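Worksheet for the structure shown next.
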Ligand code: HEM
Ligand code: HEM
């Protein structure tokens, strides 16, 4: 009995990883289905059937919260737990706390989602959940930090692998952003008022909003990339030095770029310019990372042809490059004057969200789930079909939004000779139906692909026990 | 204010250059290669 207990302490804790992966997939399907529904509401507004909980105003934040906090954060927790133990050569520190994070997070998403449907909303984008949820999120996040940094602290090898730097950055920065941006005075259980007001409120909100994108949707997923790409390509990252330089450059410049969300707003002009310059600087570490990733795969051509997981990851790097080129361009004030308040931003968001975040997660899951289950992927053919559906869906989504966004921006900047608007807001929005229709088609394609992934991975896991894996023997570690 | 932004940006650039110099000079090839290989040799299966 004792021996079994001691031995189980030697295994990597992968069951909690499997459960988090499963939840991430559930949230991806639900979150994208809600995204598709709100996309359809923009074409057929009557789809709310007169119910407040089906209205666009309630479903839109439900979509963003479920995809970002349900799908993306569950995937990040799963992959952080999976990789930190392996790159430290020890099982997770405090595995019971890891289970707590897993379960409490899912409960928070369910309850938080229901509160949004009920119309309870703190009115800050990506921080819509009210104060009781903010406290719950803080508790789970602190536990996440304890498990993650505790594992690193008891590691058996000296270097801290670069993926852990990114996951560590995610944990520390999101804690800081979440706590500061959520500071509020509760008046009832479901209503609170932010401690900040006016321009400082806007600056704090976009310091939060932008860095949530930076350290969660970008930094966290870079952690995933730095661990799973070398694993799948079967070769180390092309330049490890470059990865470290990129980490510091990325961390140092991202944190200043938030004001590009507030160009031409009531914040000091110099703050806007600072945000613009820092956004342009960000191009360098972003592209250095993309090049590092692509060069890593360049020696694994044969695998790239046959392995759907690797194909997804390489494609995600291309979209990462696209989004991180487009972002700095949109941060230039004279470009932002056209793109702001238009669907161009929505196109940019989804080139990152679908092309980068979702694709890299799909690629990682196609690799991870067969490993966890100890058997081959149920169907490589289905995964390949998924690849093309995801690519077609993402391209169509982005192209439709570029078309819509650029025409909106140019049309509502167009003035007649006495300075009156040439086109009314209503007329411009009325001409958007074809673009919005195309986005619905894009959403159907992307969601169908995700359903194929869910089915394929469910069949791969079905009836299997999670494989037990132990750290490499001490001798190998010392020799390494 | 322009000077403020300019000096700030130069400090950021100086920091980045310092990181590049530090990473390239202070870490040996051996340490870098060993670190880079961590994900390739991090598990063994036990029945
Ligand atoms: C089937 C796939 C998806 C569809 C059809 C879809 C659709 C939509 C729609 C219609 C909006 C509202 C746009 C507006 O207000 O004009 C939206 C917003 C948003 N979506 Fe998605 N979405 C999908 C997947 C995702 C995924 C996977 C993520 C993240 C990982 C994501 C993140 C976001 C974000 C952050 C916003 C808010 C953008 C902003 O405020 O600028 N979406 N989505
Ligand atoms: C170098 C990298 C990037 C820069 C400089 C950048 C810059 C920008 C800019 C200028 C905007 C428009 C702000 C506005 O006019 O309101 C924006 C919006 C946005 N970007 Fe990026 N972007 C970058 C990469 C990414 C990536 C990789 C993602 C991943 C998903 C992403 C997600 C978003 C989201 C969600 C918004 C919408 C925020 C909102 O208004 O709700 N960005 N970004």
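Summary of values
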{"item": "Residues being touching a helix residue (DSSP H, G or I) at 6+ places or on another chain (Cβ under 9 Å) and within 22 Å of residue A:37 (Cβ to Cβ) - total across region A:404-446", "result": "17"}
{"item": "Set A:349, A:338: member being assigned to a helix (DSSP H, G or I), more than 20 Å from the chain's Cα centre (by Cα) and either within 16 Å of ligand 2 (Cβ to nearest atom) or within 14 Å of chain B (Cβ to nearest Cβ) (or both)", "result": "A:338"}
{"item": "Qualifying residue in region A:229-246 (condition: within 14 Å of ligand 2 (Cβ to nearest atom) and either under 30 Å from residue B:40 (Cβ atoms) or under 18 Å from the mean Cα position of the chain (by Cα) (or both))", "result": "yes"}
{"item": "Output for region A:290-327, where each listed residue is within 16 Å of ligand 2 (Cβ to nearest atom) and within 14 Å of chain B (Cβ to nearest Cβ)", "result": "A:292, A:293, A:313"}
{"item": "Lone qualifier among A:97, A:114, A:92 - being over 19 Å from the mean Cα position of the chain (by Cα) and buried (at least 23 other Cβ atoms within 10 Å of the Cβ)", "result": "A:92"}
{"item": "Where residue A:159 falls short, out of the listed (1) away from ligand 2 (no atom under 16 Å from the Cβ); (2) in contact (Cβ under 8 Å) with a residue 40 or more places away in the chain", "result": "(2)"}
{"item": "In region B:1-43, the residues that are in a helix (DSSP H, G or I), more than 8 Å from every other protein chain (Cβ to nearest Cβ) and farther than 24 Å from residue A:278 by Cβ", "result": "B:25, B:26, B:29, B:30"}
{"item": "Identity of the residue in region A:252-278, within 10 Å of another protein chain (Cβ to nearest Cβ) and closer than 29 Å to residue A:364 by Cα, that ends up surrounded by the most Cβ atoms within 10 Å (Cβ to Cβ)", "result": "A:253"}
{"item": "Residue A:470 within 30 Å of residue B:31 (Cβ to Cβ), surrounded by 15 or more Cβ atoms within 10 Å (Cβ to Cβ) and either within 14 Å of chain B (Cβ to nearest Cβ) or out of contact with any strand residue (DSSP E or B) (no Cβ under 8 Å at 6 or more places or on another chain) (or both)", "result": "yes"}
{"item": "Hey, residue A:373 within 14 Å of chain B (Cβ to nearest Cβ), surrounded by fewer than 24 Cβ atoms within 10 Å (Cβ to Cβ) and either closer than 30 Å to residue A:13 by Cβ or away from ligand 1 (no atom under 16 Å from the Cβ) (or both) or not", "result": "yes"}
{"item": "Unmet requirement for residue A:381, which otherwise passes all of (1) closer than 30 Å to residue A:231 by Cα; (2) without any contact (Cβ under 8 Å) to a residue 24 or more places away in the chain; (3) not in a helix (DSSP H, G or I)", "result": "(3)"}
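To keep it simple, each residue is scored yes or no on (1) farther than 30 Å from residue A:456 by Cα; (2) within 16 Å of ligand 1 (Cβ to nearest atom); (3) touching a strand residue (DSSP E or B) at 6+ places or on another chain (Cβ under 7 Å).
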{"site": "A:23", "(1), (2), (3)": "no, yes, no"}
{"site": "A:49", "(1), (2), (3)": "yes, no, no"}
{"site": "A:66", "(1), (2), (3)": "no, yes, no"}
{"site": "A:75", "(1), (2), (3)": "no, yes, no"}
{"site": "A:85", "(1), (2), (3)": "no, no, no"}
{"site": "A:98", "(1), (2), (3)": "no, no, no"}
{"site": "A:102", "(1), (2), (3)": "no, no, no"}
{"site": "A:108", "(1), (2), (3)": "no, no, no"}
{"site": "A:120", "(1), (2), (3)": "yes, no, no"}
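Table: residues versus (1) closer than 24 Å to residue A:254 by Cβ; (2) within 14 Å of chain B (Cβ to nearest Cβ).
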| position | (1), (2) |
| --- | --- |
| A:85 | no, yes |
| A:91 | no, yes |
| A:94 | no, no |
| A:118 | no, no |
| A:129 | yes, no |
| A:133 | no, no |
| A:169 | yes, no |
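Residues are listed down the side, and each one gets a yes or a no for (1) more than 16 Å from ligand 1 (Cβ to nearest atom); (2) more than 30 Å from residue A:307 (Cβ to Cβ):
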| position | (1), (2) |
| --- | --- |
| A:338 | no, yes |
| A:344 | no, yes |
| A:352 | no, no |
| A:406 | no, yes |
| A:417 | yes, yes |
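Every number here is computed from the coordinates shown, using simple stated rules; none is lab data. All of these numbers come straight from a predicted model, not from anything done at the bench. A quick note on method: Cβ atoms are made from the backbone with ideal geometry, for glycine too, and the neighbour counts reach across all protein chains shown.
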